[in-house]
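A short worksheet on the structure shown next.
All of the numbers you see were taken from the coordinates with simple rules; none came from a lab. Just so it is clear, the model here is predicted, and its values are computed rather than measured. Neighbour counts are summed over all protein chains in view; Cβ atoms, including those assigned to glycine, are modelled from backbone coordinates with ideal geometry.
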């Protein structure tokens, strides 16, 4: 189509320039723009191959299960919504090469996510970081987990299709907006219903999402990683600390 620019390339027919590391942006680019971002559109499902305690926390080995993406050491990957840095195992001669991607999870990550309870064989959602030219099909996801949610129900509902019902940590309910966005285990989803009285949210899942993610694996009582919409968090933070009449206003 005339006037349409492909992600990562131009219209002149010249070879596409690919940014392979943050250094490619050059020293003049503010570091804030080098931080990894995601969209919540899962690209592949992998499996936990090993969980090893370390002095720093846990080392996770994730089997990419045939994922075509070939990251380099130091790249960021969203693993069930958690932005993790690859420390080895890329099949390029690094530590543990060819045996799956290696990630380190420190106590802060373990305290705020489900990673500490992962067992070998668990399926996980994978997404690599986006670039400025990437098609944003989901919503802006940082890979910073805000808290957990408990699964209350997950399955077919007569006359309503497949519904996932969760009880987020109480502190997160203020960021849940009807028809707004939420990231659940790395999946960008729309809130179909928000029940502030019961402290629950409900999401309608289409067959495509169920087929391409791990969400169909969830069972009542299980826990999921939640990242709230950054726009909702920004508005709430401003109103609490800076808006006229707020406790934090000067």
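Output the Kirkwood hydrodynamic radius of the stretch 44-128, Cα pairs only, in Å rounded to one decimal.
When all Cα pairs of the stretch 44-128 are included, the Kirkwood radius is 12.6 Å.
Using only the Cα atoms of the stretch 147-237, construct the convex hull and provide its projected area averaged over every direction, in square nanometres to one decimal.
With every direction weighted equally, the projected area is 5.6 nm².
Using 0.36 nm times the number of residues separating residue 106 and residue 239, minus their current alpha carbon distance, what extension gain do you get?
Taking residue 106 through residue 239 to full extension adds about 44.7 nm, to one decimal.
Using 0.36 nm times the number of residues separating residue 190 and residue 174, minus their current alpha carbon distance, what extension gain do you get?
Gain on extension, residue 190 to residue 174, equals 4.2 nm.
If a/c stays under 1.5 just call it rounded; otherwise compare a/b with b/c (prolate if a/b is bigger, oblate if not). Do that for the stretch 116-188, with a ≥ b ≥ c from the square roots of the Cα gyration tensor eigenvalues.
rounded
Sort 86, 62 so the one with the fewest other Cβ atoms within 10 Å of its own Cβ comes first.
If I rank by nearby Cβ atoms, fewest first, I get 86, 62.
Treat the count of other C-beta atoms within 10 Å as a stand-in for reagent exposure and order 175, 135 from fewest to most.
Sorted ascending by nearby Cβ count, the order is 135, 175.
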